[in-house]
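Note sheet for the following structure.
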Amino acid sequence: MNDTIKLVIIIVVGLTLWLVLRYITRKQKKLHVRFICNLLKTLNVVACLIAILNIYLDINKAITAVLTGGGLILAILSFAAQKALNNTISGISISFSRPFNLGDKIKVLSGSAIIAEGTVSDITLRHTVVMTYDGQECIIPNGIMNESMIINVSSRDRVGNFLEVTVGYDDDLDLAIDIVEKTVKAAPKVLDCTKPLVCRFDADGPVIKTTVWTANVAENFVACGHIRKQLVAEFKANGITIPYQTVTITKD
């Protein structure tokens, strides 16, 4: 078969496979399927390059020449490929263990420090993309993702968030707790409310703490904002103070 015809066949087949895999990747929401498609796209490109080189070069002789005379080059390439290989293997591990899926809201922690928090938008051979709540893309190498602790918020049927409010020491504490409980339960999107308790004493006053439960993180953010706004009005109407620092300047 003519070399030109071989080249055309390789390019057409390779391009067709690449386009099909790209279409599947864009439409697919399952993490492991998308990762496998990305892996197959890379292998497809490598296979096409090898096939094209095989038309014009003797691959076996070229490999033998590199192995015998390119020891230093191989050492450099091997060192450079260590992290890339680690990220790829970690990506395979993540895609099959599936600690999260595309669209899931997660927290990525290294020890007690939060590396990233947001929605999983993509996974490639090298990295996982997390879209943070302020619209930024956080690119995390798969090796780090595989070694980090991951909290999958979306795997639960509801999300809880702590809500704290400080009142004055001279205020009616039982009344303040009752107002907090009623305000939280009456707020939109709230599924449940943990009984408010005094969690600690600050310099300004006792701190009342409760947990606000909603269906997801977005609704929790809205609900907590509404509750804080309502608490200001309810406390004011019932004579409950929210302490705040003041600065008094005197002039002699």
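Values quoted throughout were computed directly from the atomic coordinates according to the rules given, and no laboratory measurement underlies them. The structure displayed is predicted, hence computed values, not measured ones. As a convention, Cβ positions derive from the backbone with ideal geometry for all residues, glycine included, and neighbour counts pool all protein chains shown.
What the table below lists for this structure:
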read-out	value
Counted charge near Asp192, where neighbours are those whose Cβ lies closer than 11 Å (Asp, Glu -1; Lys, Arg +1)	+3
Selection from Ala215, Ile179, Ala233, by position along the positive dipole direction of segment 159-237 (Cβ)	Ala215
Net +/- balance of residues flanking Asn161 in space, Cβ distance below 14 Å, scoring K and R +1, D and E -1	+3
Order of Ser112, Ser78, Ser148, Ser93 - criterion: other Cβ atoms within 10 Å of each residue's Cβ, fewest first	Ser112, Ser78, Ser93, Ser148
Rounded tilt (10° steps) of 71-97 against the dominant C-alpha axis of the chain	50
Net charge over other residues, Cβ less than 11 angstrom from the Cβ of Glu219 (K, R count +1; D, E count -1)	+2
Segment 105-155 shape via C-alpha gyration tensor axes, a/c threshold 1.5	rounded
Burial ordering of Phe235, Phe221, Phe162, fewest other beta-carbon atoms within 10 Å first	Phe162, Phe221, Phe235
FRET efficiency, 1/(1 + (r/R0)^6) with R0 45 Å, evaluated for Thr42 and Glu164 via beta carbons	0.40
Computed helical MRE - 222 nm, the chain, DSSP H runs ≥ 4 contributing -39500 (n - 2.57), nearest 500	-17500 deg cm²/dmol
Additional length obtainable on full extension of the chain from Leu15 to Lys185, 0.36 nm per residue less Cα span	55.4 nm
Debye, to nearest 20: dipole size of segment 159-237, +1 on Lys, Arg Cβ, -1 on Asp, Glu Cβ	360
Phi to ³J(HN,Hα) by Karplus 6.51 cos²θ - 1.76 cosθ + 1.60 over segment 228-241, Hz, x for Gly, Pro	4, 4, 5, 5, 4, 5, 5, 5, 5, 5, 10, x, 8, 9
Degrees, to the nearest 10: 173-186 long Cα axis against longest axis of the chain	50
Sorted by Cβ neighbour density within 10 Å, fewest at the top, the residues Trp213, Trp18	Trp18, Trp213
Gyration tensor verdict on segment 159-237 (Cα atoms; rounded if a/c is under 1.5, prolate if a/b is larger than b/c, oblate otherwise)	prolate
For segment 139-148, Karplus couplings with θ = phi - 60° (6.51, -1.76, 1.60), whole Hz, Gly/Pro x	9, 10, x, 4, x, 5, 4, 5, 9, 8
Positive dipole terminus of the chain, leading residue within Gly14, Pro141, Pro99 (C-beta point charges)	Gly14
With Cα atoms, 0 to 90° folded angle of helix 59-69 axis to the chain main axis	70
Size of charge dipole - the chain - debye, nearest 20, with Cβ of Lys, Arg +1 and Asp, Glu -1, no other charges	1320
Cα centre as origin, Lys/Arg/Asp/Glu Cβ charges: segment 105-155 dipole, Debye	100
